[in-house]
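The values are calculated or read from the model by the stated rules, or taken from the named source; none is laboratory data. Bear in mind the structure is a predicted one, so any value in this text is a computation, not a measurement. SASA here: full protein model, heavy atoms, side chains in, ligands and nucleic acids out. Shrake-Rupley method; radii C 1.70, N 1.55, O 1.52, S 1.80 Å.
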Amino acid sequence: MSARRVDPARDVARTETAEPVTITVDGEPVTGVRGQSIAGVVMAAGRSASTGGALRRTAGAGAPRGVFCGIGVCFDCLVTVDGVRDVRACQRRAVEGAVVTTQGEPLPARVERVEGERRG
Ligand code: FES
């Protein structure tokens with residue numbers, strides 16, 4: 001899949017001259033264009049929660065999450081960027097060489113027990 005979702009000939013933003021930017025997502029290199037958010041680069045590469053490429057998993061049920069709102073409101077796109085946790089991928093511009101890792105650690109045992117009791 002191309003890093004560009006819009007046909008360059010019809011792109012009013014004139015991205016045909018844009019510089020490429022390569023980041024790694026869980027160790028896999030992904031290339032986008034300068035100015036895209038991390039979420040934009042990842043989505044243009046064809047990765048989404050519905051295709052098995054979740055950006056994070058919920059702590060309780062392990063449900064896949066990815067880009068949902070795209071405007072920084074839902075926090076479904078949280079990733080770790082260069083060692084910093086809980087970065088919203090839709091709000092962080094992709095920079096050359098950024099190391100992105102998905103998140104999805106299970107809840108600590110004590111929290112898991114309380115959640116289980118709450119569910120019954
Ligand atoms: S997609 Fe909703 S905060 Fe990033």
Could you calculate the contour length gain from Thr51 to Cys69, that is, 0.36 nm times the residue separation minus the distance between their Cα atoms, to one decimal place in nm? 4.7 nm
Can you bin the range 43-91 into rounded, prolate or oblate? Criterion: square roots of the alpha carbon gyration tensor eigenvalues sorted a ≥ b ≥ c, rounded for a/c under 1.5, prolate for a/b above b/c, oblate for the rest. rounded
Quote the accessible area belonging to Glu28 in square angstrom, nearest 10, computed with a 1.4 Å probe and with ligands, DNA and RNA left uncounted. 110 Å²
Using a 1.4 Å probe on the protein heavy atoms only, what accessible surface does Cys90 show? Give it in Å² to the nearest 10. 20 Å²
Using a Gaussian network model of the chain whose springs link C-alpha atoms within less than 10 Å, name the residue from Val25, Val42, Val79 with the highest mean-square fluctuation. Val25
Once neighbouring chains are kept in place and the probe is 1.4 Å, which whole percent of the accessible area of the range 20-102 is contributed by carbon and sulfur? 54 percent
Order Ser50, Ser37 by their accessible area, 1.4 angstrom probe, all chains in place, largest first. Ser50, Ser37
Using a/c under 1.5 as the rounded threshold, could you call the chain rounded, prolate or oblate? The axes a ≥ b ≥ c are square roots of the C-alpha gyration tensor eigenvalues, and prolate needs a/b larger than b/c, oblate otherwise. prolate
Give me the accessible area per residue for the chain, probe 1.4 Å, as a whole number in Å². 62 Å²
